[in-house]
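Here's the structure, in structure tokens; my notes come after.
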Amino acid sequence: MNVDAEAAIRISALNKWYDTFQVLKNIDLDVAVSERIVVCGPSGSGKSTLIRCINRLEEHQEGRILVNGTPLDDSVKNLDAIRRDVGMVFQHFNLFPHLTVKENCALPQILSRGAQRREAEERAMSFLTKVRIPEQAEKYPGQLSGGQQQRVAIARALCMMPKIMLFDEPTSALDPEMVKEVLDTMVALAEDGMTMIVVTHEMGFARKVADRVVFMESGEIVEIGKPDVFFDAPTQVRTQNFLRNIMH
Amino acid sequence: MTVVQANSFTTISTTAAPPKRRRRSFVTLLFGDLTASCLTVLTGFLLLSFVPALNWAIIDATWVTTDPSTCRQGGACWAFILAKFRFIIFGTYPPDEQWRPLLVMALMLLMVLASLSPRLWGMKLLCAWGAVITAMLLLMWGGVMGLSPVPSSAWGGLPVTLLLALLSLGLGFPFAVMLALGRRSILPVPRLLAILTIELVRGLPLVGLLFVASILLPLLLPAGWSIDKLARTLAALTVFAAAYLAEVIRGGLQGVSPGQAEAAKALGIPSWKIIWHIVLPQALQKVIPPLTNTTIVMVKNTSLVLIVGVFDMLSAGRVAATDPQWPAPYVESYIFVAGIYFLICFGISNYSRWLESCVQARSYR
């Protein structure tokens, strides 16, 4: 129990299949509190599936996942507790288009933890200020640029006061000039000590922020290493090939 | 630590206002100067004298008359509409009590106007509607607060049409939402029940459903039970509306990206709140045009109740024309009733276009 409590996330012997196709093969990964993990790998390697298993947007068939010591199983109570602790940011933002930016951040607090409207809106504004777009609060998501939308999505997740943040390719759907504003927001978050797992192809970000880089291919973790070792002297041939391909 | 400059993406959109497009009004177009006025008058005159229907409806028409039998002399008998106005609008409702249906219609209009803006939609408005509908039915029925009782068989005309349309759509809508959700459910029992209901009701003609409700249903009920005929008719219309609305709403639900529900789940929102607050509003926004379509069809479908003997506005119009004092002015009567239907449906359709433009306004940069 004590060992469990130390790790923010503890994944052991995780296996998952879509029908007969195995997407995750025997994954073991421990993430310490305040640790920043970057997961990379070719598309279809199972990296998104892996982080989506952590808050059960995908169900795994075998293995154990512990989040802050709480096992992720069929218990609804545990799942609720885990989703309270884990925030997620998606590739396509998934903001609620029928709600204003402020409402996007405030309504989830009201619906999922029964917050009072005033307090929810105050918190929404404080996190919108933190991601530097308080002036857009009354607009609708469709009226913002991609980078602004993704920052709102980050603020919305932070409003739930999560202890862990999952990022599923947060900059992949953005125009190049908007990548930086989102990455800067994430860097600021990392500096505040947030536990983060980031699936991304932004190797500059990985090098700068990550405590460890995880390389996945075909549903397996091929290599885990500190960024300087991982990028400068990867041990596995498959990692070397991947890095050669993305670094041009 | 470098962070992005605040406002770096907000300054881009400050461009000059676009030039205003000049719009000429209808009146300036037709009577702008002397030539236009002359042309307009001339064209109007030519149209009137060469198009027989216009001639019939306007030039040769009798507008006022003291002697009904001489009303028709080659033209329309609009005097008849003036004389029978109250009967067509209120049907056989006791003349001394006709202020009650009038008040009901005024209440209805008031509530519809109050409900137009989506900003006001919510629990309070729903409760207000519930209270007003109860009040409307009490007003119509009477028997309370010194109002003389009027059985539903004596109701008629426009209030019946409006009540049937409003209540069948209003009551059908929640059922439709349930059916649509049921049909998409992963649980087999609700799904099968929903599919069965929708397919069965959609597979029957409305006339058939009305007959079942008005003739078969009383036979199936235990002896001594009876349900008001108007209520049975309303039930048939409601079920019919629900089945059609359900499929429209299901179409909308299918159009909402799964990412929406996923994001809501990841935020820890309970599943029924996800449906109510996140998925359903978006689904309905996507299907405003087909919803309008079904609404308009249902308003006009209420006229079918005349075949089971409910006295709606169309029946009133038909019966009014059978008065032997008048020279059987069916056409005039039907045109008048058609005009009222058209105004209602045109209003609904304009309103829906306005709603759509509200939704669209949210996605312009």
Taking the condition at the interface with chain B (Cβ under 10 Å from one of its Cβ atoms), of a type outside the set (Phe, Trp, Tyr), open to solvent by 30 Å² or more (accessible area, probe 1.4 Å) and closer than 28 Å to A:Thr239 by Cα, does A:Lys180 pass?
-> yes
Restricting attention to helices (runs of 4 or more DSSP H) lying wholly within region B:225-313, give those where 3 or more residues are touching a helix residue (DSSP H, G or I) at 6+ places or on another chain (Cβ under 7 Å) and more than 13 Å from chain A (Cβ to nearest Cβ).
-> B:229-255, B:288-301
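Of B:Thr66, B:Thr40, which residue is open to solvent by 90 Å² or more (accessible area, probe 1.4 Å) and either among the hydroxyl-bearing types (Ser, Thr, Tyr) or touching a Cys at 6+ places or on another chain (Cβ under 6 Å) (or both)?
B:Thr66
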Picking from A:Ser43, A:Ser126, the residue that is open to solvent by 30 Å² or more (accessible area, probe 1.4 Å), under 30 Å from A:Glu217 (Cβ atoms) and outside any strand (DSSP E or B) would be A:Ser43
With respect to the numbered conditions (1) of a type in the set (Ser, Thr, Tyr); (2) at positive phi; (3) crowded, with 18+ Cβ neighbours inside 10 Å, which one is the sole condition not fulfilled by A:Ser145?
-> (2)
Would you check which residues across region B:69-109 are open to solvent by less than 20 Å² (accessible area, probe 1.4 Å), part of a helix (DSSP H, G or I) and more than 19 Å from B:Val310 (Cβ to Cβ) and list them?
-> B:Ala79, B:Phe80, B:Ile81
Can you find even one residue in region B:41-49 that is at pLDDT below 80 and either under 30 Å from B:Ala328 (Cα atoms) or in contact with a Pro (Cβ under 8 Å, 6 or more places away or on another chain) (or both)?
-> yes
Pull up region B:151-161, narrow it to residues that are assigned to a helix (DSSP H, G or I) and in contact with a helix residue (DSSP H, G or I) (Cβ under 6 Å, 6 or more places away or on another chain), then point me to the one that is surrounded by the most Cβ atoms within 10 Å (Cβ to Cβ).
-> B:Thr161
For the subset of region A:96-120 comprising residues that are more than 26 Å from B:Gln360 (Cβ to Cβ) and within 11 Å of chain B (Cβ to nearest Cβ), which member is surrounded by the most Cβ atoms within 10 Å (Cβ to Cβ)?
-> A:Gln109
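Just checking, which of A:Asp80, A:Asp74 is charged (D, E, K, R), open to solvent by 60 Å² or more (accessible area, probe 1.4 Å) and away from chain B (no Cβ under 12 Å)?
A:Asp74
How many residues does region A:159-177 contain that are part of a helix (DSSP H, G or I) and away from chain B (no Cβ under 11 Å)?
Qualifying residue count, region A:159-177: 1.
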Per-region count, region B:329-347, residues open to solvent by less than 50 Å² (accessible area, probe 1.4 Å) and of a type outside the set (Val, Ile, Thr) | 8
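Kindly indicate whether A:Gly193 is in contact with a Ser or Thr (Cβ under 8 Å, 6 or more places away or on another chain), more than 10 Å from chain B (Cβ to nearest Cβ) and small (Gly, Ala, Ser).
So A:Gly193 fits the description; yes.
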All positions within region A:190-204 that are at negative phi and open to solvent by 10 Å² or more (accessible area, probe 1.4 Å) = A:Glu191, A:Asp192, A:Met194, A:His201, A:Glu202, A:Met203, A:Gly204
Pairs where the first residue, in region A:188-204, is among the small types (Gly, Ala, Ser) and the second is open to solvent by 20 Å² or more (accessible area, probe 1.4 Å), C-beta under 6 Å, 6+ apart = A:Ala190/A:Arg36; A:Gly193/A:Ser34
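Here are B:Val201, B:Val189: which of them is in the same structural domain as B:Phe336 (by the TED database), crowded, with 19+ Cβ neighbours inside 10 Å and in a helix (DSSP H, G or I)?
Answer to the selection: B:Val201.
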Across region B:1-37, which residue is modelled with the highest pLDDT among those that are surrounded by 12 or more Cβ atoms within 10 Å (Cβ to Cβ) and among the β-branched types (Val, Ile, Thr)?
-> B:Val3
Which of the residues belonging to region B:177-186 are open to solvent by 100 Å² or more (accessible area, probe 1.4 Å) and part of a helix (DSSP H, G or I)?
-> B:Met178, B:Arg184
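The values are calculated or read from the model by the stated rules, or taken from the named source; none is laboratory data. Because the structure is predicted, anything quoted here is derived from the model rather than measured. Glycine also receives a Cβ, built like all others from the backbone with ideal geometry; neighbour counts cover every protein chain displayed. Accessible surface areas use protein heavy atoms only, side chains included; no ligands, DNA or RNA. Shrake-Rupley method; radii C 1.70, N 1.55, O 1.52, S 1.80 Å.
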